[in-house]
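Student: For reference, the structure I am asking about is given below.
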Amino acid sequence: MGKVMTVAENPELVKLEDVWVYRESVAVLEGINLTIKPRDFLGIIGPNGGGKTTLLKVMLGLINPDRGRVLITGKPPAKARDIIGYIPQHSLFDRDFPINVWDVVLMGRYGRAGLFRGYGEHDRNAAEQALRDVSMLELRSRQVGLLSGGEQQRVFIARALVGEPKLLLLDEPTASVDVNTQAEFYELLEKLKERMSIVLVSHDIGAVSIYVDDIGCLNRRLFYHGTKQIDAETLEKTYGCPIHLVDHHHNIISGEPGKG
Amino acid sequence: MPEILQYDFMRNALIAGLLASIACGIVGAYVVTKKMVFISGGIAHAAFGGIGLGYLLGISPVLGALFFTTTAGLGMGLITRRTKLPEDTAIGILWAMGMALGVIFIGLSPGYAPDLFSYLFGNILTVPPSDLLLMLVLDVVIVGITFILYKEFLALSFDEEFSTVIGVPVEALYLLLLGMIALTIVLLIRVVGNILVIALLTIPAALARQFTYNLKKVMLLAILFGALFTFGGLWLSYIFDLASGATIIMLSGTVMMVSFGLSRIRKQPGRAKEITKVKS
């Protein structure tokens, strides 16, 4: 595209080098190597308990790896938080919490506003735009707990987008929404990938493989070839049991992941 | 009620009640929304150690309590954040140790401990003017901090993990919040005593939450309710010649339970309607 390289346009947006994470002396992640470039759209699939959420939390700096290095635009994750947008698995918030849609989304501007400073005109414009992007502007003054599951998810997407991230991390984003909402959601991601890199983890191979550009399989170890092609052998290694593959058009591969 | 206002102690009591309500309304809103009632109870009971220390050293028990509540609050916060000890266990231990220290200190103090009962259960009628000044200063500190850090505390209370991700200094703010709880408890000790403090820290805010989904309004309503409860409790205790602190608590608790009962009857159909409307 002939753009001038800036720090944010560093060719290696995310770099994980031999990352190991242990929980109670059991390895959760083993020797993860991963590079994510600007505008990559990576789906990571794997069984429950395979370390998907842990991997995201490592990139977010919420979990420090026991071994290895994590760099976001060449910096440790804790120093790169202003470029990361995060949509957690199921936001475990108190449904009765006294807060409305607008204030939840504004919260996502914190990294730009900073300590002691109030949210300004710029932040409010960004919040309005983010809410418009997810078609939730009309419900801006509704208390968040009164929204449906799909609407809540859109609010949390807006909260992640409002900070204008370069890297969007999503944890099982379609776990609690119906099929229609899922389709809308992936269409939104299609648009978003023009301006940011996206990492999406899910155990839903079928849905993920249609939309993402690259797929990695994670079960403590990451099987990742930098392409959307996954073969039966990789899936079998990931899930620890043979997976039945159905090859649709566009090389889409779906299967029934072994649960647990 | 005018004739009771002729007395200085009664005017002081009303000022004390108002000053206490400001702190407990604001801090109580966080205690209730962030579900910090148990840790607040722990800090309040640990205050007894400081009251005992005050008697032993011959200084004001309120100052001793201030030292103990802040130490206990920060201690509980750091232990639960940085060690693997479960939060409720850590709170339970410090809760009991604070009270045990109080008993030991009072035992070591020469002679009889005057007014001990008023620190345990409060006596708003004996608040000296010097304490009113201290309460005013603590109120200014609490209001100031909340004003400056409102958006940070809101993020922290709503979603701690996300707050960390967006760079909110979560641990420092949590400890600051515990410090504010500690200050509020000291402020309330004169009014209702350290055993009953937890009621004034939770009831006005919990009641306010039934009427609004806006945290700022929860705070303002909680201040209003706190003031009404202290004034009303004081008045009832004067009429029926009852202990003022305990009467304030009984009035607050009764109103809370009645309101909760009414809201269950009133809210249920309305809320169900709201949800179906959203889904359609």
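The values are calculated or read from the model by the stated rules, or taken from the named source; none is laboratory data. Keep in mind the model is a prediction, meaning the values are calculated, not measured. Using ideal geometry, Cβ is built from the backbone for each residue, glycine included, and neighbour counts are taken over all protein chains shown. Accessible surface is based on the protein model in full, side chains and every heavy atom, while ligands, DNA and RNA are left aside. Shrake-Rupley method; radii C 1.70, N 1.55, O 1.52, S 1.80 Å.
Student: Please verify whether region A:185-204 includes one or more residues that are under 13 Å from the mean Cα position of the chain (by Cα), part of a helix (DSSP H, G or I) and within 14 Å of chain B (Cβ to nearest Cβ).
Tutor: There is no residue in region A:185-204 that is under 13 Å from the mean Cα position of the chain (by Cα), part of a helix (DSSP H, G or I) and within 14 Å of chain B (Cβ to nearest Cβ).
Student: Of all the residues that make up region B:94-139, how many are within 28 Å of B:Asn12 (Cα to Cα), surrounded by 13 or more Cβ atoms within 10 Å (Cβ to Cβ) and of a type in the set (Ser, Thr, Tyr)?
Tutor: Number satisfying all stated conditions: 3.
Student: If you don't mind, there's one more thing I want to ask. If I filter region A:49-62 for residues that are within 11 Å of chain B (Cβ to nearest Cβ), among the charged types (D, E, K, R), open to solvent by 10 Å² or more (accessible area, probe 1.4 Å) and more than 15 Å from A:Glu164 (Cβ to Cβ), do I get at least one hit?
Tutor: yes
Student: Continuing with this model, one more query. Consider region B:52-76. How many of its residues are under 19 Å from B:Leu138 (Cβ atoms), over 17 Å from the mean Cα position of the chain (by Cα) and surrounded by 24 or more Cβ atoms within 10 Å (Cβ to Cβ)?
Tutor: 3
Student: How about region A:66-83: which of its residues are free of Cβ contacts under 8 Å to residues at least 60 places away in the same chain, assigned to a loop (DSSP other than H, G, I, E, B) and surrounded by 19 or more Cβ atoms within 10 Å (Cβ to Cβ)?
Tutor: Within region A:66-83, A:Ala80 is the sole residue that qualifies.
Student: Please specify each residue of region B:31-51 satisfying the condition of being part of a helix (DSSP H, G or I), open to solvent by 10 Å² or more (accessible area, probe 1.4 Å) and within 19 Å of B:Leu78 (Cβ to Cβ).
Tutor: If the condition is that a residue be part of a helix (DSSP H, G or I), open to solvent by 10 Å² or more (accessible area, probe 1.4 Å) and within 19 Å of B:Leu78 (Cβ to Cβ), then B:Phe38, B:His45 are the ones that fit.
Student: Of all residues in region B:208-224, count the ones that are touching a Gly at 6+ places or on another chain (Cβ under 9 Å), at the interface with chain A (Cβ under 9 Å from one of its Cβ atoms) and open to solvent by 50 Å² or more (accessible area, probe 1.4 Å).
Tutor: The total comes to 1.
Student: Evaluate region A:123-140: report whether one residue or more is facing another protein chain (nearest Cβ under 10 Å), more than 24 Å from A:Pro77 (Cα to Cα) and open to solvent by 30 Å² or more (accessible area, probe 1.4 Å).
Tutor: yes
Student: Now, a different point. Can you tell me which residue in region A:19-48 is nearest to A:Leu192 (Cα to Cα), limited to those that are touching a residue at least 24 places away in the same chain (Cβ under 8 Å), open to solvent by 20 Å² or more (accessible area, probe 1.4 Å) and part of a loop (DSSP other than H, G, I, E, B)?
Tutor: A:Arg39
Student: If you scan region A:156-187, which residues turn out to be out of contact with any His (no Cβ under 9 Å at 6 or more places or on another chain) and over 29 Å from A:Lys75 (Cα atoms)?
Tutor: A:Thr174, A:Val177, A:Asp178, A:Val179, A:Asn180, A:Thr181, A:Gln182, A:Ala183, A:Glu184, A:Phe185, A:Tyr186, A:Glu187
Student: Residues in region B:1-30 that are open to solvent by less than 10 Å² (accessible area, probe 1.4 Å), under 19 Å from B:Gly245 (Cβ atoms) and out of contact with any Lys or Arg (no Cβ under 7 Å at 6 or more places or on another chain): how many?
Tutor: Summing the residues that are open to solvent by less than 10 Å² (accessible area, probe 1.4 Å), under 19 Å from B:Gly245 (Cβ atoms) and out of contact with any Lys or Arg (no Cβ under 7 Å at 6 or more places or on another chain) in region B:1-30 gives 11.
Student: Working only within region A:92-112, note down all residues that are more than 9 Å from every other protein chain (Cβ to nearest Cβ) and either part of a loop (DSSP other than H, G, I, E, B) or hydroxyl-bearing (Ser, Thr, Tyr) (or both).
Tutor: Residue satisfying the conditions is A:Arg95 alone.
Student: With respect to A:Leu161, is the statement that it is closer than 13 Å to A:Leu188 by Cβ, modelled with pLDDT of 90 or more and buried (at least 23 other Cβ atoms within 10 Å of the Cβ) true?
Tutor: Yes; evaluated as a whole, the condition is true for this residue.
Student: Select, from A:Tyr86, A:Tyr119, the only residue that is of a type in the set (Ser, Thr, Tyr), open to solvent by less than 40 Å² (accessible area, probe 1.4 Å) and at the interface with chain B (Cβ under 10 Å from one of its Cβ atoms).
Tutor: Exactly one of A:Tyr86, A:Tyr119 is of a type in the set (Ser, Thr, Tyr), open to solvent by less than 40 Å² (accessible area, probe 1.4 Å) and at the interface with chain B (Cβ under 10 Å from one of its Cβ atoms), namely A:Tyr86.
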